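Have a look at the structure below, then the notes.
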Amino acid sequence: MQLKHLNLSNNKISVLEPGCFENISSSLLVLRLNRNRLALLPSKVFKLPQLQFLEMKRNRIKVVESLTFKGMDSLKSLKMQRNGITKLMDGAFFGLNSIEELELEHNNLTEVNKGWLYGLRMLRVLRVSHNAVGIIRPDSWEFCQKLEELDLSHNHLTRLEETAFIGLSLLESLNLGENSISHLGEGLFSSLASLRTLDFRNNEISWAIEDSIGLFDGMKKLNTLILQQNKIKSITKKAFDGLEELEHLLVKLVLNTSSLLCDCHMSWLGSWMKENRFLQSVSAVCAHPPPLLGHNVLSISPEQFVCNDFPKPRLTTHPETAVALRGINVTLSCVASSSSDTPMTTAWRKDGEVLYDAEVQNYARYQDGELIYTTVLHLLNVNFTDEGRYQCVISNHFGSNYSNRARLTVNELPSFLKTPMDLTIRNGTMARLECAAEGHPSPQIAWQKDGGTDFPAARERRMHVMPDDDIFFIANVKTEDMGVYSCTAQNAAGSLSANATLTVLEIPSFMRLLENRSVARGETAVLQCIAGGSPAPRLNWTKDDGPLVLTERHFFAAANQLLIIVDAGPTDAGKYTCIMSNTLGTERGHIYLNVSPSPNCDTSAGYEQDGWTTVGIVVIVVVCCVVGTSLVWVIVIYHMRRKSEDYSISNTDELNLPADIPSYLSSQGTLSEPQEGYSNSEAGSHQKAVHHVNDDGIQPPHLSKPDHLYTGIGQI
């Protein structure tokens, strides 16, 4: 039989055996199994590739297993109302590639999630009213983005997060009536650009209308809005922001309230309803002030909407935005006044949700004939979960008022998870320093070297800081990389630093090539052994592979890197060995010193340019010292003579000095030749001095061992 329509409703069928529809599977288009006793649906029973309509209303199905309807590629409509379904397994409707309508009203489903909606890519109508749905998962509609009609009325929804309808850009009708919705996430409807009908009847969203948060932003095609039975007491024009640009498309607004506060803030409502032709669908009746009690806002002239008193709470102090460290206590406060003595109540919200267990203190007092009401929210030992936007709602019999939203930000000082450790490595290897920190917000890590940002390794591109890691690398380390490296962790709460010292070890080496020296007898020989290495090597000298015998003519300078031999003689000639050593090893080098019998002015052999330079410097220094000393004494004696002439009272002998001052000083034994072994410090302690004048005249000053002369020799 080429059967197309099969109606098995109103029987007592309790089992469907596999293959029961096999003989009519190629022709069957419509199958009705309503009002039977089906409790289980075997996975292979519906192999009906041509079936387009399937009805199983009023059965006893509690659970729909995965892949139950696989093989029904042509099905367009599935109706399973009044079964008492409590669970739809993941992939329960997978395989229904052509389905457009799914009706699941009057069951016991508790949530909407993408698991049981998997595969319904062509679905246009979904009806889940009269269930127990209390939550809509954020990614529920990932596979149903062609949905045009969604009915979630008569469920247990109390809050809708901002992610509840993401992906439903083609949705045209949304029914959320007969729930207990009191929380609407900010931007909840921003993705519903195609929505034309929104039913919000009999919920608890009066605050969303009274607080005017731009609830309808994004719904540019909305033309039917049903808001009746939401206990709305006042409406501001801003409540419908987002719809004003397309007000001519608003053809139906259903609003039924008899508790409006008809003060000057409501004067706009009557004319707005008339302009948008809402006269038949809107019932708005005043409850206050007494002269307007029971009057419809459409029958009241604009002059009658006055603000002579303010029975509804009027906020005078709003909570303030705050930034706090984790673990401290924070208080937020609101102050409101009212001309009515009707008791006020308060509620605090966090991100739009009422804080039922919050620690709140309320105070009421009378001042100048008004009731002043103060409410204080105490947040103890704040943590990151306390971050959000806080708002106080103060209400009385005439309505509610909503404060500004104060943002609380909770920060935490950085603390180190890893700190850099002191590191000692050989040159040429890789240095690795670790640093990681936690805090709120997440701290930024920065590095410094010796208190600055000059990294030799960075200039040479040997430095690597991993952006997503906690490691700081220096490749092919060199001695110039040594120093103190500082890791700083910083966020909005503060900063913290940790230091590590990088020490680079390097075997001793000669910074300059060792050069043999040749000097004439009686000259000064300078042997150079410029050492490098880390730690700085110790230097020792030997002569002819034996100990170096030191005399008063041998001097060391620059940490033994310079060996100076004054008045060199034949015994000083030979092989000098410079021995450098540190913890990594020892290095030796040899210098051969040749001392010629006498200076040779005609040839450069045996007398290096350095010897002539040394002699020249010594001669220049001696000459300068003698000439400078003579000039000083000429000036001193001249001033002494002038002073004696100016202040003389009686006739005295004229002060006469020899014309040749240096010769005179020399003859008196006051200008001495430098003595061997006389140190710079001793020379510096003998300064020029002028003796007291006696009856015979002025005693010539005593100049002993000029310090300029010995300073020059020391530098050489």
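Just so you know, all these numbers are worked out from the coordinates, no wet-lab data involved. Fair warning: this is a prediction, and the values are worked out from it, not measured in the lab. In this analysis, Cβ positions are derived from the backbone assuming ideal geometry, glycine residues included, and neighbour counts consider all displayed protein chains.
Points worth noting:
- When each of Phe94, Phe473 is scored by the number of other beta-carbon atoms lying within 10 Å, the sequence from fewest to most is Phe473, Phe94.
- Length released on extending from Thr571 to Glu320, taking residue separation times 0.36 nm less the Cα-Cα span: 81.1 nm
- Amide N of the range 488-507 lying under 15 Å from the label point, which is placed 7 angstrom from the Cα of Thr479 along Cα→Cβ: 503-507
- Gly185 sits among other residues whose Cβ lies under 9 Å from its own Cβ, and their net charge, with Lys and Arg +1 and Asp and Glu -1, is -3.
- Mean Cα-pair separation over length for the range 359-432, i.e. relative contact order, pairs under 8 Å, 6 or more apart, %: 20 percent
- Highest mean first, the peptides 36-46, 312-322 sorted by other C-beta atoms within 10 Å per residue fall in the order 312-322, 36-46.
- When you restrict to C-alpha pairs under 8 Å that are six or more residues apart and normalise by the size of the range 314-410, the relative contact order lands at 39 percent.
- Cβ-derived FRET efficiency at R0 45 Å, Leu631 paired with His590, nearest 0.05: 0.40
- For Pro414, the shell of other residues with beta-carbons less than 15 Å away shows a net charge of -1, using +1 for Lys and Arg and -1 for Asp and Glu.
- Counting neighbouring Cβ atoms within 10 Å and putting the fewest first, the residues Arg60, Arg553, Arg405 line up as Arg60, Arg553, Arg405.
- On the basis of the beta-carbon distance and an R0 of 51 Å, Arg389 and Val63 show a calculated FRET efficiency of 0.75.
- Among 215-228, 390-403, the peptide with the highest mean count of other Cβ atoms within 10 Å heads the list, and the full ranking is 390-403, 215-228.
- In terms of other Cβ atoms within 10 Å, Tyr373, Tyr356, Tyr592 run from fewest to most in the order Tyr356, Tyr592, Tyr373.
- Spin-label zone in the range 119-163 - amide nitrogen under 16 Å from a point set 7 Å from the Cα of Glu101 along the C-beta vector: 122-129, 147-151
- Here the contact order of the range 511-607, divided by its residue count and restricted to Cα pairs under 8 Å and six or more residues apart, works out to 37 percent.
- Modelled FRET efficiency - R0 22 Å, Thr342 with His378, Cβ distances, 0.05 increments: 0.25
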